[in-house]
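Encoded as structure tokens, the structure appears first; notes follow it.
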């Protein structure tokens with residue numbers, strides 16, 4: 001128990017250091033995150049105050065704001081559908097085999113969406129279909145990401161015997177650890193793709209944490225005697 005508490009606190013400290021270090025290196029221009037950010041825009045606006053140091057605050061504001069945003073989104077999702085999120089979290093925390101299966105499902109869904117987008121280009125009446133399916137995939141990835149962060153934080157707090165409090169602590173711990181991974185310049189794209197595809201696969205394969213899985217049994221014809 002004591003060892004796991006040390007592991008939890010050490011992991012949290014390392015994650016915070018990674019977030020701060022990435023902001024420092026980004027402010028110095030040594031690294032660039034692999035996705036568009038608003039850091040330069042924030043720094044440019046802060047120059048209005050006439051202080052050069054404030055102009056460098058953009059990456060730091062962006063790093064902190066990103067973590068706060070993820071925590072807030074996760075909190076809203078948990079409060080909006082607590083029972084579904086509990087079942088979805090239990091599904092993704094059921095070992096490595098379901099994890100890889102959900103990733104494969106998410107990858108197949110992304111490939112299927114790409115195929116639909118290409119085929120829809122030939123038909124006017126299906127032009128909006130890729131956007132609709134893309135929205136479903138995005139919502140699935142979002143819900144799945146929340147379940148992954150909750151599962152990670154919950155597993156660590158359980159091992160450290162700190163799991164008796166609010167699930168928001170588990171969410172915040174998991175979100176901090178995963179957010180730190182997404183701040184790494186070279187690892188971030190692969191980590192984000194892995195989390196997004198796994199989350200989408202988990203959410204859609206479990207019907208967003210529904211009590212029943214996908215099945216065509218209700219459509220089967222019942223033999224009449």
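Details
- Residue with peak Gaussian network fluctuation, the chain [Cα springs, cutoff 10 Å], from 203, 161, 110: 161
- The chain: angle of helix 2-27 to the longest principal axis, Cα-based, in degrees nearest 10: 70
- Nearest 10 degrees, 0 to 90: helix 82-92 Cα axis against the chain principal axis: 90
- Net lengthening on full extension, residue 96/residue 73 (0.36 nm per residue, minus Cα-Cα): 5.7 nm
- Computed over the alpha-carbon atoms, the chain gives an Rg to Rh ratio of 1.06, Rh here being the Kirkwood radius from the mean inverse distance.
- Most mobile listed residue (109, 25, 204) in the chain, GNM with C-alpha springs under 10 Å: 25
- Relative contact order computed over segment 80-225 (Cα-Cα under 8 Å; 6+ residues apart), in percent: 37
- Distance between segment 12-27 and segment 94-143 - C-alpha centres, whole angstrom: 33
- By the count of neighbouring beta-carbon atoms within 10 Å, fewest first, 125, 32 end up ordered 125, 32.
- Subtracting the Cα-Cα distance of residue 16 and residue 111 from 0.36 nm times their residue separation leaves 30.7 nm of extension gain.
- Springs between Cα atoms under 10 Å define the GNM used for the chain, and in it the highest mean-square fluctuation of 64, 124, 146 occurs at 124.
- To the nearest ten degrees, helix 188-205 and the longest principal axis of the Cα atoms of the chain are 30 degrees apart.
FYI, it's all coordinate maths here, none of it is from the lab. Since the model is a prediction, treat every value here as computed from it, not as a measurement. As a convention, Cβ positions derive from the backbone with ideal geometry for all residues, glycine included, and neighbour counts pool all protein chains shown.
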